[in-house]
1. Can you name the residue in region B:162-182 that is of a type in the set (K, R) and either touching a strand residue (DSSP E or B) at 6+ places or on another chain (Cβ under 6 Å) or buried (at least 22 other Cβ atoms within 10 Å of the Cβ) (or both) and is also farthest from the other protein chains (Cβ to nearest Cβ) among such residues?
2. How many residues are among the charged types (D, E, K, R), under 29 Å from B:I105 (Cβ atoms) and either surrounded by 13 or more Cβ atoms within 10 Å (Cβ to Cβ) or more than 9 Å from chain A (Cβ to nearest Cβ) (or both) if we restrict to region B:20-55?
3. Which members of region A:176-194 meet the condition of being more than 20 Å from A:L132 (Cα to Cα) and either assigned to a helix (DSSP H, G or I) or of a type outside the set (D, E) (or both)?
4. Determine which member of the set A:A130, A:A138, A:A155 is at pLDDT below 80, more than 18 Å from A:A78 (Cβ to Cβ) and not hydroxyl-bearing (S, T, Y).
5. Kindly evaluate B:I105 against the criterion of being touching a residue at least 12 places away in the same chain (Cβ under 8 Å) and within 14 Å of chain A (Cβ to nearest Cβ).
6. Among (1) outside any loop (DSSP other than H, G, I, E, B); (2) modelled with pLDDT of 75 or more, which single condition is A:T25 missing?
7. Looking at (1) within 14 Å of chain B (Cβ to nearest Cβ); (2) surrounded by fewer than 15 Cβ atoms within 10 Å (Cβ to Cβ); (3) modelled with pLDDT under 80, which one does A:L150 not meet, given that it meets all the others?
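The values are calculated or read from the model by the stated rules, or taken from the named source; none is laboratory data. The structure presented is a predicted model; accordingly, all values stated were derived computationally and were not measured. Cβ: placed from backbone, ideal geometry, glycine included. Neighbour counts: every protein chain shown.
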Amino acid sequence: MAEINTDKGGGKKHSKKPKGKKMSTRIDLTPMVDLGFLLITFFMLATTLIKPQTMEISMPSKDKVPEEEQSKIKASKAITIILAKDDSIYYYFGTRENDIDPEVIVSNFGPTGIRQVLLDRNASVMAKVAQLRKEKSAKNLTDEDFSKQLSLIKADDQAPIVVIKSTDNGTYKNMVDILDEMNICNIGRYAIVDITAFDKELIQNRKK
Amino acid sequence: MPKIKIPRKSTWQDMTAMCDVAFLLLTFFILTSNMVQVEAVKVAIPSSISEIKILETNIVKILIDPQGKIFYEIDGQEHRMNLLKKMGEQYNVTFTDKELREFSIVPSFGVPMSAMKSYLAIKAEDRSNKENLLGIPCDSTDNQLKYWIGMSLAVNPKILISIKADQSTPFPVIKKVFGTLQDLKQNRFNLITSLEENPIR
């Protein structure tokens, strides 16, 4: 085992009285260590350290709202994002006005893609949020106040409104990524909506 | 020349310290980790910057695999038994006590109600075979997912709905599931993601 007996033996011969054998109180802990590491191995394999996160989303209600109660959004504030195949994005501002179609622009999920567009459009809110964060790090704000003020800033009337649509070629990853961009860019007002014939037509016309 | 005698030293090592380390690490792993959950399908979840932790109890998970097959998971053995009983009433299938008990220990499942009886009859280790992963129908003609969620809410009103879908799941399937939830007036739900660093901050 872990010990090699170095006792030459024969020591007993010299002792006159047959003493009771002195037992060592040292216990060999090697098997216990083995057991400990075995259990560690088991737990490392059978468990995960990563706790999954969750992203909360609210979908618009399907209930029919009477025409007069519907809040009309300003076309100038609206950004429509369409998720297409191979992780590409189309976006356009506003809607058709005086028979002039809005220009459809192609973008991507990179940092210079759709994020830059949203950040530019949402610059005033971003500045306010940065200010708020600074105040929070200076310990002038409690967490509760922070989230309260953050949602106030996000609900700004002048902030852009994003409408997210997806073609059938979009994937779940694209959708989560675009929702993530909403969080990164502090956009408070966005919705996931079904794609319309008008959008399809716009993309079609663009390709020609 | 006299022989140099090397004194023989004991090779005994005190293992107490090592033992302490091993068990300290063990304690750390037990406390910080959580058990890997066996799910009907393995899905690669997308990442997001959201930092909200998912709750462990009172949760319904809708799993969607890359092919768009839907699986369902609800916690609580009691809830599972009640749920299957209610679903059986809805689809005119009577389950025996044995089947109900069997169902209460199935972590996640994805079979149409017509195949539920035969699914519960087979051995637990065969359930993850390909031919048994059929998915819950969620079409406009036969929306069983809607009933599963509706019944789950009736069984446990505190339940939180979460969706765990694979990155490459096509959007039409996601739209179908979202539509089903909207039909049930469940407009707030959770998407399970892994953590990613916020690029701005």
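1. For region B:162-182, the residue satisfying everything is B:K176.
2. 2
3. Across region A:176-194, the qualifying residues are A:V176, A:D177, A:I178, A:L179, A:D180, A:Y190, A:A191, A:I192, A:V193.
4. A:A138
5. Against the criterion (touching a residue at least 12 places away in the same chain (Cβ under 8 Å) and within 14 Å of chain A (Cβ to nearest Cβ)), B:I105 does not qualify.
6. (1)
7. Here A:L150 clears every test but (2).
Residue-wise test of (1) buried (at least 16 other Cβ atoms within 10 Å of the Cβ); (2) more than 14 Å from chain B (Cβ to nearest Cβ); (3) at positive phi.
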site: A:P102; (1), (2), (3): yes, yes, no
site: A:V106; (1), (2), (3): no, yes, no
site: A:D143; (1), (2), (3): no, no, no
site: A:D177; (1), (2), (3): yes, no, no
site: A:V193; (1), (2), (3): no, no, no
site: A:Q204; (1), (2), (3): no, yes, no
